[in-house]
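Working notes, structure below.
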Amino acid sequence: MTIAVTFLPRTAPAPLPPIAFIGGGNMASAIIGGLIQQGTPANAFEVVEPFEAARTKLAQSFGITAQAEAGEALSRCAVVVWAVKPQTFADAAKPVRAFAEDALHLSVAAGIPSDSIARWLGTERVVRAMPNTPALVGQGMTGLFARPDVTGADRALVSQLLTPTGELLWVDAEPALDAVTAMSGSGPAYVFYFIEAMTEAGVEMGLTPDQAQRLAIGTFTGASALAHSATEPPSVLRERVTSKGGTTYAAITSLEGADVKAQFKTAIRAAQKRAAELGEEFGRG
């Protein structure tokens, strides 16, 4: 399948309409925090969060008074951001629907198909987003899909909402979000996995754990920044530091001999398959 994508450049923020968040956990906090840093006032947000500890954290961090359940206050919001666990989405939608009939709905809940969201909420103005955990530090990568009834203005509003979390990538077909999930949604875990391996190898070679971890993390950070800014593909960047007969050549030859690239691609395919399965499971109801 060919995936058509569009990268949106960051632009100066404009005033936002009132925004509701259903769920006030880490991802909601990442979005809210980024918007507040850009000047959006705390009173522009309505948050529904059933857990008292999370409501207290929102109050302490952002001065937001979150509610334990949906109510009339949601009706003033032009956008509803769904940051709930996938298995609770259907039940959470029931009390919200009456107060958000005219709103644009943005789901960051993993695995829930937009067909199900549209059915539960009685609207076709639905956007699905697949963010990843680096959004918590403004360095995320978020894949987005919009249903046909979502307008250009709606897309621009969603982009403005999510830009503080990092880069955005729109896909034209919803199944492509399974690939996004497998690559960037789960991707930070792959990076952490390789950092773990590099750190352990460094310790085994005589470095202290702190030294080995600093080297591993710094190498990933620098290499990612170089790949991001370079005009050449990663394969060319790799070849430039792989002199035949040298140390890097020895390492790459060992990796290729163990068929690591093929195994890694198989692992990402497994994540894609599981993402599709979760969509079918959680989208029922």
ask   = Say we look at the stretch 73-99 and pick out the residues that are farther than 13 Å from Ala28 by Cβ and among the aromatic types (Phe, Trp, Tyr); which of these is surrounded by the most Cβ atoms within 10 Å (Cβ to Cβ)?
value = Phe89
request  = For the stretch 246-282, name all the residues that are modelled with pLDDT under 95, out of contact with any helix residue (DSSP H, G or I) (no Cβ under 6 Å at 6 or more places or on another chain) and not aliphatic (A, V, I, L, M).
outcome  = Lys273, Arg274, Glu277, Gly279, Glu280, Glu281
message = Return the pair list, or none, for Cβ contacts closer than 7 Å from residues in the stretch 247-270 that are of a type in the set (S, T, N, Q) to residues that are exposed (fewer than 12 other Cβ atoms within 10 Å of the Cβ), at least 6 apart or on different chains.
response = none
query = Any idea how many residues of the stretch 77-92 are closer than 14 Å to Gly122 by Cβ and either in contact with a strand residue (DSSP E or B) (Cβ under 8 Å, 6 or more places away or on another chain) or outside the structural domain of Arg128 (by TED's automatic domain parsing) (or both)?
reply = 1
Index of the failed condition, Val84 passing every other in (1) touching a residue at least 12 places away in the same chain (Cβ under 8 Å); (2) assigned to a helix (DSSP H, G or I) = (2)
remark   = Apart from one, (1) of a type outside the set (Val, Ile, Thr); (2) in contact (Cβ under 8 Å) with a residue 24 or more places away in the chain; (3) in contact with a helix residue (DSSP H, G or I) (Cβ under 9 Å, 6 or more places away or on another chain) all hold for Ala189; the odd one out is (2)
query = Mind checking which pairs have a first residue in the stretch 19-30 that is closer than 12 Å to Ala109 by Cα and a second that is buried (at least 24 other Cβ atoms within 10 Å of the Cβ) and not aliphatic (A, V, I, L, M), Cβ under 6 Å, 6 or more apart or different chains?
reply = Ile22/Trp82; Ala28/Phe21
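The values are calculated or read from the model by the stated rules, or taken from the named source; none is laboratory data. Every value quoted in this text rests on a predicted model; they were computed, and no experiment measured them. All Cβ positions, glycine included, derive from the backbone under ideal geometry; neighbour counts span all protein chains shown.
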